[in-house]
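Working notes for the structure below.
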Amino acid sequence: MFQDKRAFKNDFLAKLQAMSGKSLEESTAFDKYMAVGGMIRDYISKKWVKTNDRYLEEDVKQVYYFSLEFLLGRLLGSNLLNLGFTEVCRESLVELGIDLNELENAEADAGLGNGGLGRLAACFLDSMASLGIPGHGCGIRYRYGFFEQRIVDGYQVELPDNWLRDGNVWEVRKPDKAVEIRFYGVVREEISKAKTVFVHENYESVLAVPYDTPVIGYGNNTVNTLRLWSAEAVQADFDLSSFSHGNYQKAMEYKYSVEAISQILYPDDNHYKGRELRLKQQYFFVSAGIQSIIRRYKKKNGSLRQLPEKVAIHVNDTHPVLAIPELMRILVDEEEMSWDEAWEITTATISYTNHTILSEAMEKWSTDLFKNLLPRIYMIVYEINERFCRELWDKYPGDWDRIASMAIISDDHIKMAHLAIAGSYSINGVARIHTDILKRQEMKNFFFIYPHKFNNKTNGVTHRRWLMKANPELAALITETIGNGWIDNPAEFIELLKYADDPSFKEQAANVKKRNKTVLVKMIKDKYSIDIDLESIFDVQVKRLHAYKRQLLNVFHIMDLYNRLLETPDLDIAPRTFIFGAKAAPSYFQAKTTIKLINCLAEIINKDKRIMDKIKVVFLENYRVSLAEMIFPAADVSEQISTAGKEASGTGNMKFMLNGAVTIGTMDGANIEIFEKVGPANIFTFGLTAEEVMDYYRSGGYNSHELYQNDHRLKAIIDSLVNGFFPVSAGEFINIYNSLIMHNDEFFVLKDFAAYADTQMKLDKAFRDKGKWLGMSINNIAYAGTFSSDRTIREYAKEIWGVRPLV
Ligand code: 26W
């Protein structure tokens, strides 16, 4: 099939005809994409079965990564890469007059995630498979992924992401592995054989049907599984109870309400809203996942007592934390274990990662809503809380304040993070500073009683997708220079240090960057009709739009530069292109206003002839994984400018670095560890530290209005939000203005402005020293090895899960 070009072409033509029912001439790019996808599916099917058989036969410990989001992006290119078939495929297609890139672009992104947390889960799957670790994903097969963003008159408009419309070649539906999930109803206690048993009655049944996607390891024959669950009506209920009594409408209502569970991905990032359907989603996939794990476990093992020896369940943030009471329910109610024994097993099986300390992101469910939807699970959480509070009482007799603040249930709400801490054996943050903040502040009372549970696992990104696939020319240059050992061992990037001063290597690296920039320039010209100077600094901020990420700080720097250019048209700066990509949560008003602001500013600057094309501003629509793969390789500057203490880690920062961009950033999240690796000569840092920010929150002393009054540059910028500078209605940006001036600038945009602008000047100077800049860029790549998710996953495997690669 893939052994040589002749075989490929034969099989491709046959597959194309079989799948599309069309001739080569008639077929579309999508048909051809499906055909290659189908070939890959056939090719890996044996390896997939074999991988699972071996896991079963050798009875190895397996890990299940539970996540409400998996932001996979496209799979054709990364699957070909991991199988080593990119070249044979590309060349064979060329001989048929077909461009592989076109087929890749025909694939819809699997956008089943919002941002960092979802993309991290996807990088982890790639690393687990590539390291030969028995590790699988468990999540929801959303019918609609993260919304498609259109910019209309500068405003964000959301469209449904109908990614499954034309079929999904990678998934396999497994109806025989469906399980039942129960919602609502009442729980009756009954005495049976001198024991209390809990009978759940009058519940509403939902069928969870799994769709499996293969996760192909790099060059190692491992094919793990991403199992995504889809909600369907249970046939019996649908046909008989309502339908056969002639109540068609009621039957259909039931069907739609069931299917709603896996219909959409909630587009909220770092902002919690207590919606019942989201809780339903959480229990739905967690219960399905645990039932299927237990079923598989029982195939090989008798007693569930050894579960933690064979199974690790990891919960990605609190969203899947119902895994704790669900596992308890199965062990206690169905396996008839004692509470204590079940608790011991559960807390030895489940581990938890925290991804944010923003208080507005913390999940807490109203007990009324919870009890109504999940009556038996509520009873179990209630019992967990009772026992937990008793334990606290023994430690801190009489200290009600402390106990109330740590309780799992308080103020009529269930606090999911507290449940996660009580019910798991490991709690990790995602960068060192983030873990330190968890230990010292947000979770300090818990750290005090469970110090052994807390640990750090600094995030990483897969260098296969984010370098080899996204930037093949740079990957080839690195291999030419230091050999290909870095592919299996990204720490070897460090060998590049020897070439950081080598003029020929520098020149080649510069040429690669230039070609990557050319691709982006062409796309921007074609799509937005904006002319970009190839030689300009490509200064990029791509990430979710959020006040704490401070896209506003970037905007204010651009406005300041613009003002200065108007005053001094021959201002001695390198030309710059400011590139943004960001989706705002549909109900996050200020974030949407910021998008409008960026677009208004772009409109003014890009057409102002007076500044002689010195600066340009581009907002790239619909930022997503596939677009990111085009942006990172073309970036010169990586903007990582969150308010210190707020960005748990960041992972875009790592993708930029890996592609030779230089960071301008605050001492926040993983920026700190990047700083420590590359050293102060190869990164631009500025601004308040997390401690300083914390001090201001604690003790006051910050007055944004005063700053505004005293800094005339800042005042000019902020006034122009509301003084008619922008051709918009009067109140358009008043909210932004108010948040900064009337509400004391919660995220210290004004406070950090001067330091940011100064640092940007230093960066400008460094960029104009071509040799120096290239040296910085190469240093960044050389130190990027640490930030491969292979390093991260090895740490999880060894220090949290206790799983080993199967070689
Ligand atoms: C309930 C609403 C909600 C939705 C999503 C709350 C919180 C989230 C996520 C935890 C937000 C998120 O994606 N956090 C990001 O996780 C990345 C991976 O660890 C980090 O790199 C980012 O810093 C962090 O913001």
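The values are calculated or read from the model by the stated rules, or taken from the named source; none is laboratory data. This one's a predicted model, so the numbers in the text were calculated from it and none came from an experiment. Cβ: placed from backbone, ideal geometry, glycine included. Neighbour counts: every protein chain shown. The accessibility values were calculated without ligands, DNA or RNA, using every heavy atom of the protein model including side chains. Shrake-Rupley method; radii C 1.70, N 1.55, O 1.52, S 1.80 Å.
Tabulated data
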{"read-out": "Residue check for E629: under 17 Å from R150 (Cβ atoms), among the charged types (D, E, K, R) and more than 16 Å from the ligand (Cβ to nearest atom)", "value": "no"}
{"read-out": "Conditions (1) closer than 19 Å to I734 by Cα; (2) surrounded by fewer than 19 Cβ atoms within 10 Å (Cβ to Cβ): number failed by N710", "value": "(1)"}
{"read-out": "From the options D368, D333, residue that is more than 16 Å from the ligand (Cβ to nearest atom) and over 17 Å from V199 (Cα atoms)", "value": "D368"}
{"read-out": "Scan of the stretch 85-133 for residues that are away from the ligand (no atom under 16 Å from the Cβ), of a type in the set (G, A, S) and under 26 Å from the mean Cα position of the chain (by Cα), ordered by number", "value": "A106, A108, A110, A129, S130, G132"}
{"read-out": "Residues (open to solvent by 10 Å² or more (accessible area, probe 1.4 Å) and in a helix (DSSP H, G or I)) located in the stretch 717-742", "value": "D719, I734, N735, Y737, N738, S739, I741"}
{"read-out": "Matching residues, the stretch 560-594, being over 26 Å from R515 (Cα atoms), surrounded by fewer than 21 Cβ atoms within 10 Å (Cβ to Cβ) and of a type in the set (A, V, I, L, M, F, W, C)", "value": "L565, L566, L571, F589"}
{"read-out": "Pick from the stretch 391-438, criterion open to solvent by 50 Å² or more (accessible area, probe 1.4 Å) and in contact (Cβ under 8 Å) with a residue 60 or more places away in the chain, ranking: farthest from the ligand (Cβ to nearest atom)", "value": "Y425"}
{"read-out": "The stretch 745-755, subset assigned to a helix (DSSP H, G or I) and touching a Lys or Arg at 6+ places or on another chain (Cβ under 9 Å), residue most open to solvent (accessible area, probe 1.4 Å)", "value": "A754"}
{"read-out": "Residue among T318, T346 that alone is within 16 Å of the ligand (Cβ to nearest atom) and crowded, with 24+ Cβ neighbours inside 10 Å", "value": "T318"}
{"read-out": "Test: residue in the stretch 281-297 that is open to solvent by 30 Å² or more (accessible area, probe 1.4 Å), in contact with a strand residue (DSSP E or B) (Cβ under 6 Å, 6 or more places away or on another chain) and more than 16 Å from the ligand (Cβ to nearest atom)", "value": "yes"}
{"read-out": "Positions within the stretch 451-482 being open to solvent by 30 Å² or more (accessible area, probe 1.4 Å) and small (G, A, S), in sequence order", "value": "A476"}
{"read-out": "Qualifying residues in the stretch 632-650 (those that are under 19 Å from S777 (Cβ atoms) and among the polar types (S, T, N, Q)) - the one nearest to the ligand (Cβ to nearest atom)", "value": "Q640"}
{"read-out": "Residues satisfying the stated conditions in the stretch 227-274, i.e. modelled with pLDDT of 85 or more, among the charged types (D, E, K, R) and either crowded, with 18+ Cβ neighbours inside 10 Å or not in a helix (DSSP H, G or I) (or both)", "value": "R227, E232, D268, D269, K273"}
{"read-out": "Some residue of the stretch 300-308 being at pLDDT 95 or above, more than 16 Å from the ligand (Cβ to nearest atom) and surrounded by fewer than 19 Cβ atoms within 10 Å (Cβ to Cβ)", "value": "yes"}
{"read-out": "Residues of the stretch 246-267 classified as within 16 Å of the ligand (Cβ to nearest atom) and out of contact with any Phe, Trp or Tyr (no Cβ under 8 Å at 6 or more places or on another chain), total", "value": "1"}
{"read-out": "Any hit, the stretch 115-133, residues being polar (S, T, N, Q) and open to solvent by less than 10 Å² (accessible area, probe 1.4 Å)", "value": "yes"}
{"read-out": "The lone exception for L279 - which of (1) under 21 Å from the mean Cα position of the chain (by Cα); (2) modelled with pLDDT under 95 it fails", "value": "(2)"}
{"read-out": "The stretch 358-376 residues that are without any contact (Cβ under 8 Å) to a residue 40 or more places away in the chain, paired with ones that are away from the ligand (no atom under 16 Å from the Cβ) and in a helix (DSSP H, G or I) (beta carbon under 8 Å, 6 or more apart)", "value": "K371/Y378"}
{"read-out": "Check on E360, in a helix (DSSP H, G or I), within 30 Å of R432 (Cα to Cα) and within 16 Å of the ligand (Cβ to nearest atom)", "value": "yes"}
{"read-out": "Single residue of E189, E148, E171, E201 found to be open to solvent by 30 Å² or more (accessible area, probe 1.4 Å), in contact with a Leu (Cβ under 7 Å, 6 or more places away or on another chain) and modelled with pLDDT of 95 or more", "value": "E148"}
{"read-out": "Where N456 falls short, out of the listed (1) away from the ligand (no atom under 16 Å from the Cβ); (2) without any contact (Cβ under 8 Å) to a residue 60 or more places away in the chain", "value": "(1)"}
{"read-out": "Search result, residues across the stretch 321-341 that are open to solvent by less than 10 Å² (accessible area, probe 1.4 Å) and either farther than 21 Å from F285 by Cα or of a type in the set (D, E) (or both)", "value": "E326"}
{"read-out": "Counted residues, the stretch 180-211 - those being free of Cβ contacts under 8 Å to residues at least 24 places away in the same chain and assigned to a loop (DSSP other than H, G, I, E, B)", "value": "4"}
{"read-out": "Helices (runs of 4 or more DSSP H) (entirely within the stretch 394-449) containing at least 2 residues that are of a type in the set (F, W, Y)", "value": "444-449"}
{"read-out": "Residue within the stretch 757-778 that is over 25 Å from the mean Cα position of the chain (by Cα), at pLDDT 95 or above and not in a helix (DSSP H, G or I) present", "value": "yes"}
{"read-out": "Pairs, first at positive phi and open to solvent by 10 Å² or more (accessible area, probe 1.4 Å) in the stretch 642-668, second within 12 Å of the ligand (Cβ to nearest atom) and assigned to a strand (DSSP E or B), C-beta under 8 Å, six or more apart", "value": "G650/Q640"}
{"read-out": "Some residue of the stretch 99-111 being touching a strand residue (DSSP E or B) at 6+ places or on another chain (Cβ under 7 Å), among the small types (G, A, S) and either farther than 14 Å from T222 by Cβ or surrounded by fewer than 24 Cβ atoms within 10 Å (Cβ to Cβ) (or both)", "value": "yes"}
{"read-out": "Selection count where residues are closer than 22 Å to G731 by Cα and among the hydroxyl-bearing types (S, T, Y), scope the stretch 535-589", "value": "2"}
